[in-house]
Amino acid sequence: MSVFFLFLVALAIGSLSTLFWIPEDDLGRGYFITNALIILVLLALALAVLIMHPFAPFGGRGRLGEGLLWGAFGASFLYYGAIWKERWHLGRTAAALALGAALAALLLAGHSLIRTDVTLPFRGWLLPLALCASALLLGWSLVTMLLGHWYLISPRLTFRYLIVFCQVLLGLVIVRLLLVGATLWSATAVPEVIEPHPFRLLVGFEGEGMFFWFRLLWGLAMPLLLAVMSLHCARNRANQSATGILYVLVVGALVGETTALYITLTTGVPI
């Protein structure tokens, strides 16, 4: 349940982060309302998990974490209302508040849920970076795919937006790969005599190796290839081809990042 909770909050954060980069007048109210409803559903599910399932994702700071999550939900609802009334500036302010509150809740839950009995240098830096990069990859992959669909509704929409979103998505996959490499480098720096050893815990099949290699191939290598292909299609104004490729990329990102959250919570090594 901890993995599901973190996944919901991370996907909501990533989706919120995409709302600031396209002029609202170009896409119209419907596009942003669709995104707002997705975010509201994700945060509502996270709150339902928090209320109905007896676990404490925020540790000893439960009230703070719950307050942040409720604040993110309230600000997202305000964003929905502002977009419905086409109050764009108010909507952006509400989205920024929701993004900040949800991000704080995610980092607080991550630090509370992850095990700390496994030695890993620089965990204090690697964990928040991994959580943020995971959230961004999840959100941008989903919303870029939805944006590709929107060209069927608005065929005169400039392809510059889809190209930029595909470029950002490709950059996020590369950043995610670099962070995994940094974690592996940090794990190899731990002396061999220390048990449990973080590197063997990750890559060895006596540990979480099966999930790690699946995460690496399905959740990073495949999205990297698909991100390049979708960018090529977007540059050639083939939005339907790009959207079809992005469908598969979204599946890879969702499965890969869910697996990564499971490995991180199980081993204490952010991957």
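Going through (1) over 28 Å from GLY244 (Cβ atoms); (2) surrounded by fewer than 16 Cβ atoms within 10 Å (Cβ to Cβ); (3) under 18 Å from the mean Cα position of the chain (by Cα); (4) small (Gly, Ala, Ser) one by one, GLY124 falls short only on (3). The residues of the range 246-268 that are surrounded by fewer than 18 Cβ atoms within 10 Å (Cβ to Cβ) and closer than 24 Å to VAL168 by Cβ, listed by number, are TYR247, VAL248, VAL251, LEU254, VAL255.
Scanning the range 171-230 for residues that are in a helix (DSSP H, G or I), among the small types (Gly, Ala, Ser), in contact with a Lys or Arg (Cβ under 9 Å, 6 or more places away or on another chain) and in contact (Cβ under 8 Å) with a residue 60 or more places away in the chain returns SER186, ALA187.
Here VAL193 fulfils each of the conditions (1) within 18 Å of LEU6 (Cβ to Cβ); (2) surrounded by fewer than 16 Cβ atoms within 10 Å (Cβ to Cβ); (3) among the hydrophobic types (A, V, I, L, M, F, W, C) apart from (1).
Based on what the data block shows, is ALA10 more than 28 Å from LEU157 (Cβ to Cβ), surrounded by 15 or more Cβ atoms within 10 Å (Cβ to Cβ) and at pLDDT 95 or above? Yes; evaluated as a whole, the condition is true for this residue.
Listed by first and then second residue, the pairs with beta-carbon distance under 7 Å, at least 6 apart or on different chains, first residue in the range 138-151 and closer than 10 Å to LEU246 by Cα and not assigned by TED's automatic domain parsing to the domain that holds GLY28, second modelled with pLDDT under 85 and assigned to a helix (DSSP H, G or I), are GLY148/ASN239.
The values are calculated or read from the model by the stated rules, or taken from the named source; none is laboratory data. Every value quoted in this text rests on a predicted model; they were computed, and no experiment measured them. Ideal geometry is used to build each Cβ from the backbone, glycine not excepted, and the neighbour counts take in all protein chains shown.
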